[in-house]
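Notes follow the structure.
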């Protein structure tokens, strides 16, 4: 994001990501100035559906390992609101202020009642993530955009213009797994510093941009940045989907990253 502050309108990279399971993934990410998360959603939908049609000759893919599974990539993709869908599927009524102690207590009780396991520390972000994983993401087999996350789950995303407490962010979920994540970048330096402070005070792990490695990014915000958006995409996961296969071990890597 430092480059955006320097006047470069868009830039990206492809790199290796190591997860806690010991599995290595290839990820593509980019930042784009003078755009927002809704434009990113449209770009993502066009790219994913277009690649499926071009490579498979149509929008529908069947999976031999699961004869009942057929994924339809025909646009437009389904879009659901994260908090509203969680409340609907889990039968919850979340507190309005999800950053409060009362919200954390409510979510701890909700997880215990619903049988959702969350290892310590049971922060509000981790509790929400576990509940959303079970009651929202696990219901998304067909391509689905989950939008407008809680702001406390998205410390680097801009707050929603008409829904305080929510963030301008989306995830594209296909076959119960995240394929893509994007958001409108928070470019207000003072608000970002306050969020980083609150994140560290709560003991919650944050993105790399909130660490020491992100100091250049913070400095760039002080000089001024244009509105921008950020996007990340799982390459291997998409290659499995488009090949009609299931299981990360079956992925044939056609991109070698040195």
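The values are calculated or read from the model by the stated rules, or taken from the named source; none is laboratory data. Only a predicted model underlies this, so the values are computations on that prediction, with no experimental measurement involved. A quick note on method: Cβ atoms are made from the backbone with ideal geometry, for glycine too, and the neighbour counts reach across all protein chains shown.
Taking the range 159-173 as the range and being buried (at least 21 other Cβ atoms within 10 Å of the Cβ) and touching a residue at least 40 places away in the same chain (Cβ under 8 Å) as the test, the residues that pass are 166, 168, 169, 170, 172. Can you name the residue in the range 24-39 that is on the phi < 0 side of the Ramachandran plot and outside any strand (DSSP E or B) and, of all such residues, is nearest to the chain's Cα centre (by Cα)? Filtering first and then ranking leaves 37.
Scanning the range 91-109 for residues that are surrounded by fewer than 18 Cβ atoms within 10 Å (Cβ to Cβ) and within 25 Å of residue 173 (Cα to Cα) returns 91, 92, 93.
From the set of residues in the range 159-201 that are over 17 Å from residue 145 (Cβ atoms) and in a loop (DSSP other than H, G, I, E, B), which is nearest to the chain's Cα centre (by Cα)?
186
So, in the range 176-190, of the ones that are touching a residue at least 12 places away in the same chain (Cβ under 8 Å) and out of contact with any helix residue (DSSP H, G or I) (no Cβ under 7 Å at 6 or more places or on another chain), which residue ends up farthest from residue 82 (Cα to Cα)? For the range 176-190, the residue satisfying everything is 188. Here residue 63 passes the criteria (1) in contact with a strand residue (DSSP E or B) (Cβ under 7 Å, 6 or more places away or on another chain); (2) modelled with pLDDT under 95; (3) within 17 Å of residue 171 (Cβ to Cβ) except the one numbered (3).
The residue that is farthest from residue 180 (Cα to Cα), counting only those in the range 65-95 that are in a loop (DSSP other than H, G, I, E, B) and within 22 Å of the chain's Cα centre (by Cα), is 94. Cβ separations smaller than 6 Å between residues 6+ apart or across chains give the following pairs from the range 21-40 residues that are more than 24 Å from residue 147 (Cβ to Cβ) to residues that are outside any loop (DSSP other than H, G, I, E, B) and modelled with pLDDT of 90 or more: 26/235. Any residue at all in the range 42-57 that's in a loop (DSSP other than H, G, I, E, B) and surrounded by 13 or more Cβ atoms within 10 Å (Cβ to Cβ)? Scanning the range 42-57, I find no residue that is in a loop (DSSP other than H, G, I, E, B) and surrounded by 13 or more Cβ atoms within 10 Å (Cβ to Cβ), so the answer is no. Within the range 96-125, the set of residues being part of a helix (DSSP H, G or I) and in contact with a strand residue (DSSP E or B) (Cβ under 9 Å, 6 or more places away or on another chain) comprises 124, 125.
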